[in-house]
Each structure stands twice: as C-alpha cells, then as structure tokens.
Amino acid sequence: MNLPKLKHTDSGNFFLIAGPCAIESRDMALRIAERIVEITDRLRIPYIFKGSYRKANRTKLNSFTGIGDEAALAILKEVGETFTVPTLTDFHESGEAAMAAQYVDVLQIPAFLCRQTDMLTAAAETGKVVNIKKGQFMSGESMGFAVEKVQSVNPDAPVFLTDRGNSFGYGDLVVDYRNLPAMQAHGVPVVMDCTHSLQQPNQTSGVTGGKPALIATIAKAAIAVGADGLFIETHPVPSEAKSDGANMLALDRLEGLLEQLVRIRQAIM
C-alpha cells in the first residue's frame, strides 16, 4: 500500500482507520490519536487517523456540523505531523477536494455520494489515496464503477472500498459479508466500517441511533472473512460526542478489541 507515514505494513495485520466522527477540538483529537498510536504501535497494526472536518449530512438543522473547516483541517494536519501517521477526512462537494487535500493523506467519499462522478474525479485529481464508502443502496459488485471513475483520471490512484452495511427498511442497516469478497474482486483493499454499519438512521427524534454493543461482532466477522482493513469511530465518552455518539466505540475498549482481532487475523493466515 503506497501511503506515506503508514507504519507496520510488513506485519501481516489488517490496517485500521480510526478516530472521532468529527473534529471537536484540538485537545480531543490529539488525545484520541495519541492513545490509538500507542495501541497500534504495540500490536503492529498499520494505522490511519480519521476525523471529519465538517459534518454536512446531519438530519436536523441544528445538529453539530463542525468547528470551522480550516480550523479542523489544521488539527488533522497537526495530528499527522505530531504522530507521523497518515490522516483521512471526508468531503461533500467536488470543490472541496483540493482544499482538504492540502491537509490530509486520504480523501473519503461519503456513502450517499459514491455515485457522484464529479466527487470521485475531483478526489482522483488531487493524487491522494481515495477511500470510497459503499452506498447503503449499492452492491459490492456495482462499486467497481466507482473505482473505474477514479482510475480513469488517475490510473495509479490508490483506492480503498469501505462497506458500511445496506439499508434494511427505513431505520436499520444490515451487513452482507458477501460484499467484501465482491469488492476485493475489483483489485483494491476492502475495509469494513464497524461503527456506521450499526447505525439506526432516520429516527423520529432526528438523531441517528445505533447498536455499539455489536461493534466487536461486526469486526470479528469481517476479519474472519478476510477484510483488509477496519474502520472504527471512537471517542473517550461516546455519550458526550457531538456527532454519531450512539454508534461509536468507547476509547478504553479499543485495545482489548484489537488484541482479539489480531489473534483472529493470525489464525486465518
């Protein structure tokens, strides 16, 4: 995987994309990054820090969206420089790709926007690694067209595909693990998003729900079927998080889970 600052790539482990849903503050981002770096260095897990500089897809008008684009992006850059790890953020309009690319190493296409050609090509034009979330309405097979859009602009662009479940009725998601090998057939690393796949969207309260007690279940199954990477949003106190707290993993539970997942990975290799 050609990603500067990505460590432990010779370990045989899955790689981890993890961090808070949104950048809430400098101190919070650095605190989370420091702890995850300690854990992943010990377990020799390749690690990418993630954090959204802005949340543009909230259900309610008054939901938290961010602390300001440049302020949040500057924090992401500081995290990468402080801990020598690659960083990832999502963006929501094609015109934002070049801006975000100045601060991070990986640009993420949100699931609802995975068919937006302008978004995909704008990400490709930056030369950054592109992580495309599989739409909740898409099959693994159909995600090959998203990869083609990126590589039509930049044939050498590294691309990840990330599964985050499929819509099941109006207010729930289910994970179809057949999508993982289907996406790997496109010749790119495949990631399982273990937290967003447990969302319960479109609640009448206007706040997305979730089932965080099942994060370990989703993660273990993903590693067992051969996922190349995992995506886990984590926070010191999920109930106090400003975005998606209902389906984040408490930071103090991450180490124990990763230890189990490394053992599973070793068992299937």
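When 18, 56 are checked against the criterion of being surrounded by fewer than 17 Cβ atoms within 10 Å (Cβ to Cβ), within 19 Å of residue 195 (Cα to Cα) and in contact (Cβ under 8 Å) with a residue 24 or more places away in the chain, a single residue qualifies: 56.
For the range 245-269: of the residues being in contact with a strand residue (DSSP E or B) (Cβ under 6 Å, 6 or more places away or on another chain) and part of a helix (DSSP H, G or I), which is farthest from residue 47 (Cα to Cα)?
Checked the range 245-269; the qualifying residue farthest from residue 47 (Cα to Cα) is 246.
Is the range 127-141 home to any residue that is within 29 Å of residue 84 (Cβ to Cβ) and surrounded by fewer than 21 Cβ atoms within 10 Å (Cβ to Cβ)? Checked against the condition, which is being within 29 Å of residue 84 (Cβ to Cβ) and surrounded by fewer than 21 Cβ atoms within 10 Å (Cβ to Cβ), the range 127-141 yields at least one hit. Being free of Cβ contacts under 8 Å to residues at least 40 places away in the same chain, within 21 Å of residue 56 (Cα to Cα) and surrounded by 15 or more Cβ atoms within 10 Å (Cβ to Cβ) is a property that residue 198 lacks. Regarding residue 197, is this residue assigned to a helix (DSSP H, G or I), small (Gly, Ala, Ser) and either in contact with a Phe, Trp or Tyr (Cβ under 7 Å, 6 or more places away or on another chain) or at pLDDT below 95 (or both)? Against the criterion (assigned to a helix (DSSP H, G or I), small (Gly, Ala, Ser) and either in contact with a Phe, Trp or Tyr (Cβ under 7 Å, 6 or more places away or on another chain) or at pLDDT below 95 (or both)), residue 197 qualifies. Any residue that is over 26 Å from residue 258 (Cβ atoms), outside any loop (DSSP other than H, G, I, E, B) and of a type outside the set (Gly, Ala, Ser) - is there at least one of those in the range 82-105? Checked the range 82-105: at least one residue is over 26 Å from residue 258 (Cβ atoms), outside any loop (DSSP other than H, G, I, E, B) and of a type outside the set (Gly, Ala, Ser). Listed conditions (1) closer than 20 Å to residue 233 by Cβ; (2) in contact with a His (Cβ under 7 Å, 6 or more places away or on another chain) are all met by residue 87, apart from (2).
Among the residues of the range 142-160, those identified as touching a residue at least 12 places away in the same chain (Cβ under 8 Å) and either in a loop (DSSP other than H, G, I, E, B) or under 19 Å from residue 199 (Cα atoms) (or both) are 154, 157, 158.
One residue stands out among those in the range 165-183 that are touching a Lys or Arg at 6+ places or on another chain (Cβ under 8 Å) and modelled with pLDDT of 95 or more: the one that is nearest to residue 114 (Cα to Cα), which is 183. If only residues of the range 1-37 that are over 17 Å from the mean Cα position of the chain (by Cα) and assigned to a helix (DSSP H, G or I) are counted, the one that is farthest from residue 159 (Cα to Cα) is 27.
The values are calculated or read from the model by the stated rules, or taken from the named source; none is laboratory data. Nothing here was measured: the structure is a model prediction, and the numbers come from that model. Backbone-built Cβ (ideal geometry, glycine too); neighbour counts: all protein chains shown.
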